[in-house]
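The values are calculated or read from the model by the stated rules, or taken from the named source; none is laboratory data. Predicted model only: the values in this text are computed from it and were never measured. We place every Cβ from the backbone using ideal geometry, glycine too, and count neighbours over all the protein chains shown. The accessibility values were calculated without ligands, DNA or RNA, using every heavy atom of the protein model including side chains. Shrake-Rupley method; radii C 1.70, N 1.55, O 1.52, S 1.80 Å.
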Amino acid sequence: MALINCPECGHVVSDHAETCPNCGIRIAPAGVDVSNIKFDVSQGASDETHVEPTDAVSVGQPVTPAAVEPVAPSQPVVNPSPSVAGQVRSSVEQARPAVETPRSQAQYSYDSDGGFEDGQKKTNKGLLYMISFIVALVICIVAYMVWNNAANEKLEMQRYEEAMLSTNVQDLKDYLVQFNDAPQEHRDSVNARLELLTKEDADWMNTVAGGSRKALEEYIKNHPNSLHKGEAENLIDSIDFSVAVRKGTAEAYAEYLKMHSESKHAAEAQEFLDNKKATEATPEEKAMARDVCKRFFQAINAQNEEKLLSTIGNLTSFLGRGGADAQDAVDFMNKMYKDDITNMNWYILDDFKVDKSTEGDSDSPNVVAHFTAEQRIERTDETKKTKAKYAVTVEISSDKKITKFNLKEK
């Protein structure tokens, strides 16, 4: 084995190497021994050396070109020049035409960094990817537009239904601004409702400003389906209840309940009537109270102490003084009769009213009589007063005895 220079790059390689390890060019066919080839270097570099191949080339056999003259031993060739080596390589390659593949064809078929066939495949694949991407993008855009349109239609329908149920004028105005491309029938309906609410609001404001029951009734009559109808009815209810409270009678509250049996003040009115009933004296109790008061004043008129004491029970108050007893009633009677008085009469007038006391035993409350008593006096001194009127309050127990007595001159 000998060393030679690569005819392409000049790198030192073995003469048995098939390719140059530096540049990769093929040096000699595999199995061809180029060490037996002799070169004639007597000619210039420009002279061509023709190497005839043998009739048969087999792997492992030396090839001896016939046209190359032997070189004398005194002139050995160790490293042929690049041109000569190229001639040798060309001759060797011609010796194996069926084995070698032309270099240009090998580069054409197997060049992975830009060969024709691979470049064409990459170009086709890139174009296919781009077309696929564009198609997918178009599909996504169309799908989004369809979805977005459906979502907008759903939102518009929801806002439309809310606007048609709303009593707020601003809600309807907001719908018209937000959905200016809504179906025309929706916009027409919203506009009609907006006009109705605007007119009703104007009438309602005028009615509230008036503040009268008559104006409220007139508004309900003119707008039976108005959204403010409930408000108008509540205001009428409040007005009627305030009238009952101002009068403060059972009759007034009963009249209120007759008109507003299910109103917000109905429970309060019924409570008043229940309390009134609990404190209202029965006809029998009224008659008993009048009889006791009449006997009390008759005893004073007769200046009869025994009869007077028969009307007095366990006094808790007499003429505003607590801790009184029956003797206080007797002293009251005796003090009224002065020396110049010859006769005295007390009269119970027609304003006699009786109710029940909320104090004491609730099972049998005392009755309380309120009335005006007139005093007429006959006396010897005519310059002194002969007539007077007094507001009298008498509380009577269930055993028909006076427990409280008070009077105040009018």
Would you tell me the accessible area of M336, worked out with a 1.4 angstrom probe on the heavy atoms of the protein chains, in Å² to the nearest 10? 30
What percentage of the solvent-accessible surface of region 166-246, computed with a 1.4 Å probe over protein heavy atoms, is contributed by carbon and sulfur atoms? 51
Taking the solvent-accessible surface of protein heavy atoms with a 1.4 Å probe, what is the per residue accessible area of region 278-410 in Å²? 57
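As a test of reading the structure, rank V243, V368, V12 by solvent-accessible area (1.4 Å probe, protein chains only), most first.
Putting V243, V368, V12 in descending order of accessible area: V12, V243, V368.
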Which residues qualify? For I312, with a placed amide H closer than 5 Å and at least 5 residues away or on another chain, they are I402
Work out, step by step, the length gained on full extension between S317 and N234: first 0.36 nm times the residue separation, then minus their alpha carbon distance; give nm to one decimal. 25.1 nm
Given the protein chains as shown and a 1.4 Å probe, how many square angstrom of K387 are accessible, to the nearest 10? 120
Quickly work out the N191-to-A143 label distance, labels modelled 7 Å from Cα along the C-beta direction, and quote it in nm with one decimal. 4.0
All other residues with a Cβ under 13 Å from the Cβ of A302 taken together, and with Lys, Arg as +1 and Asp, Glu as -1, what is their net charge? +1
Is there a pair in K307/K384; K277/K389; K307/K401; K286/K404 whose C-alpha atoms are over 24 Å apart, and which pairs would that be? K307/K384; K277/K389
Relative counts (whole %) of C-alpha pair distances in region 154-294, using bins that are 10 Å wide: 10, 25, 20, 17, 12, 8, 4, 3, 1, 0
If you count only protein heavy atoms with a 1.4 Å probe, what accessible area per residue comes out for region 159-266, rounded to a whole Å²? 63
Mind grabbing the base-10 log of I(q)/I(0) for region 258-396 at q = 0.13, 0.19 Å⁻¹? Debye formula, identical points on the C-alpha positions, no solvent, two decimal places. -0.68, -1.18
Gain upon complete extension [D331, E359; 0.36 nm per residue less C-alpha separation]: 7.3 nm
Taking all pairs of different Cα atoms in region 236-316, averaging 1/r and flipping that mean, what Kirkwood radius in angstroms comes out? 15.6
Any idea how many Lys pairs in region 147-239 come in under 27 angstrom at the alpha carbon, given 8 or more places apart or on separate chains? 8
If E409, E306, E156 are ordered by their accessible area, calculated over protein heavy atoms with a 1.4 Å probe, which sequence runs from highest to lowest? E306, E409, E156
Computed lengthening from T249 to K277, 0.36 nm per intervening residue step minus Cα-Cα distance: 9.0 nm
In nm, give the distance between the simple-model label positions of Q298 and H370, each being 7 Å from the Cα along the Cα-to-Cβ direction. 2.7
Once you place label points 7 Å from the Cα toward the Cβ at S212 and D181, how far apart are they in nm? 5.5
